1. Within the range 139-167, which residues are in a helix (DSSP H, G or I) and closer than 24 Å to S261 by Cβ?
2. Name the helices (runs of 4 or more DSSP H) wholly within the range 261-346 that hold at least 3 residues that are open to solvent by 60 Å² or more (accessible area, probe 1.4 Å) and at pLDDT 95 or above?
3. Please determine whether any residue of the range 56-71 is of a type in the set (D, E) and at pLDDT below 90.
4. Can P196 be described as in contact with a strand residue (DSSP E or B) (Cβ under 8 Å, 6 or more places away or on another chain) and either open to solvent by 60 Å² or more (accessible area, probe 1.4 Å) or part of a loop (DSSP other than H, G, I, E, B) (or both)?
5. Take the residues in the range 4-42 that are closer than 25 Å to L136 by Cα, hydrophobic (A, V, I, L, M, F, W, C) and out of contact with any Phe, Trp or Tyr (no Cβ under 9 Å at 6 or more places or on another chain), then tell me which one is modelled with the lowest pLDDT.
6. Quick one: how many residues across the range 240-260 are crowded, with 18+ Cβ neighbours inside 10 Å and either modelled with pLDDT under 90 or of a type in the set (D, E, K, R) (or both)?
7. Here are some residues: E108, E47, E66. Which one is farther than 23 Å from V238 by Cβ, out of contact with any helix residue (DSSP H, G or I) (no Cβ under 8 Å at 6 or more places or on another chain) and open to solvent by 60 Å² or more (accessible area, probe 1.4 Å)?
Amino acid sequence: MNSVLIERTPVGAVCHPGHVLGHIDIPQAGHADAYSFDLGGWLTGFESAVKHAEIHHASRLLRVAEVNLARPDVVEHLRGQEGIQSRMLENAARCGFVACVSVIGLPEQFELRADAVLEDGRRFPLGIITGRRRLLRPDVSPRLQPVTPFYIGRSGSTWLMHLLGSHPEIVMHLRYPLESPLALHTLRTVETLAQPSNPPTRADVLRFRDDRHHAASIPLYCRQEDARSHAWMRREYVERLAKWGLETVDAFYSDLAEAGSKADARFFAEKVPVLPGSAELFAELYPRLKDVFLVRDYRDVACSRRAFFDDINTFAGVVDDVAARLASLLDAWRVRKEHSHLLHYEKLVR
């Protein structure tokens, strides 16, 4: 079964008179046997150069594609056309871009927005991409299934975890106040390593090869590779990473269950601070996920964060931080609300 079906794309001319001119070449509508797809073309600005193209799902930024690839064919195409200024031709010298966009963590039916961002900060829409995808389902059956509270810090998660940890069939790592985020760390590692890379430079290759303290998408995984290697990286590699992640998490919590005299445990509990895509990633890799969205009056959350974290100096900064995290929580809730439990902190403490 194909992994992605692109149904509607913005392929074609892009024109915002006086601001941006370009053409989206890919993706074409159709099937792809991979967990990603490519967006590419060229963009040039009339006055301000185009800095990059962005791909968004709801409030989440998925991918940035720098507009810096040489496109001499575009310069030749534009030269001599009416209304094309010399500044625009200069901007067009390196106006090409390509972005490899992962669909892991997206809904089965998805809609993405593509924007052009100018050097001066202004942005203009490039179009909408819609599609359907097959969820990532590794060939592994974990013994323990997660019970996962998604939350914003200072919403009462420590008390909720105390209650969950007292259940005889739920195992968790007891280390106040954070517990061990092994599942979150492992699954985010899977997501990071499964990300396709944009066209790599020589510096990228050397940095990834030599830097032991840096893990990211590898330069091999981009559309410039030969077709066979490219196809293997975009599907087989991703499925192997996911299988390793699930087996690692299951091994850790199974050992913890044995050590804690909970040999009959059926679940593990781990709280997950709301991060872009975190809830969606857990739900994709654990189809039987039991998730709780823990909410609290966000005026109280902001006040509590201001009092608790000494490194945040202004209340305006706290409010902005809470608002950004709340946007991610709402995105996840809209996807998961039919399958999740909404828990109010105020009701919990009563």
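The values are calculated or read from the model by the stated rules, or taken from the named source; none is laboratory data. Remember, it's a predicted structure, so these values are computed and weren't measured experimentally. All Cβ positions, even for glycine, are placed from backbone atoms using ideal geometry, and neighbour counts span all protein chains on display. Surface areas here come from the heavy atoms of the whole protein model, side chains and all, with no ligands, DNA or RNA. Shrake-Rupley method; radii C 1.70, N 1.55, O 1.52, S 1.80 Å.
1. T158, W159, L160, M161, H162, L163, L164, G165
2. Output list is empty.
3. Among the residues of the range 56-71, not one is of a type in the set (D, E) and at pLDDT below 90, which makes the answer no.
4. yes
5. A32
6. The qualifying residues number 1.
7. Within the list E108, E47, E66, the selection yields E66.
One line per residue, one yes/no per condition, for (1) within 21 Å of L343 (Cβ to Cβ); (2) charged (D, E, K, R); (3) touching a Gly at 6+ places or on another chain (Cβ under 9 Å); (4) open to solvent by 40 Å² or more (accessible area, probe 1.4 Å):
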site	(1), (2), (3), (4)
P149	yes, no, no, no
G153	yes, no, no, no
G156	yes, no, no, no
P168	yes, no, no, yes
S180	no, no, no, no
